[in-house]
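Bear in mind that the values in this text are calculations on the coordinates, not laboratory data. Source: prediction; values computed, not measured. Cβ placement follows ideal geometry from the backbone for every residue including glycine, while neighbour counts extend to all protein chains displayed.
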Amino acid sequence: MVFRGEPGERLSSMDARRYQGMTCMKILLADDHKLVRAGLVLVLKQMESGIELLEAGTGREAVALAEAHDDIDLVLMDLDLPDGSGLEALSSINAKSLNVPVVILSAMEDQAMVSRAMELGARGFIPKSASGEVMVNSLRLVLSGGICLPPGYGDGVRGEKNAELPNLTHRQLEVLRFMAQGNSNKEIARELGISENTVRVHISAIISALDATNRTEAAYSAMRLGLIPRANMALS
């Protein structure tokens, strides 16, 4: 059954369950430390009262659960897992086209590790040192379509590719900023007072100019190049 909000707009699995009065959010938590998972459960319950939580202690378990549950709304994964790096599990999940946002939660915060995670398709990277409030706000941002990154990420790489900066118009930069915050085409059109078709044309041009394949990759590239502020305002 397909649930819709506005005409022509498909609802996410989370919205569909809310529509049916069911559990509102389904999250897969992958971390090999039970105490850490227990603490994260308390944090996650601040996001939504009706959370269904799936727990995995290894990368293989995480991938298997992601395959078995096609209605997972979010995967929150540690990098240091007993059977290898969480990056391997992240790569497997994306390679299988499971279409679920994965956020890395790790004590390792160096820029090279963050960059590698984002290149493999992560929708965010949250330091384990972050407060519960920051985690909740960051995950909400990802669930709304945005990207969350650690504070200071990209500061050392901005300007490295100045000669390769794409030539975007002022309007395209405005669209890009809203796009990076997770706004839909309809929301962007309303904010800027233009048609949705015009928004689609701008987004297509932005993705092409940034040599990206989708909106998320375009926003990530724009942040690395310093074209827009980091999308994770919660982590600033």
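With an 8 Å cut-off on Cα pairs and a minimum separation of 6 or more residues, tell me the relative contact order of segment 162-228 in percent.
Taking the mean separation of contacting Cα pairs over the length of segment 162-228, I get 37 percent.
Over segment 13-143, calculate the relative contact order: mean separation of alpha carbon pairs under 8 Å at least 6 apart, over the residue count, as a percent.
22 percent
Among the lysines, select those whose C-alpha is under 23 Å from the C-alpha of LYS34, and discard any that sit fewer than 8 residues away in the same chain.
Result set, ordered by chain and number: LYS26, LYS45, LYS128.
Taking every DSSP beta bridge with both residues inside segment 13-143, roughly what % is antiparallel (nearest 5)?
In segment 13-143, DSSP labels about 10 percent of beta bridges as antiparallel.
Which peptide among 124-137, 68-81, 190-203 comes first, and what is the full order, when sorted by highest mean count of other Cβ atoms within 10 Å?
Answer by packing, highest mean first, reads 68-81, 124-137, 190-203.
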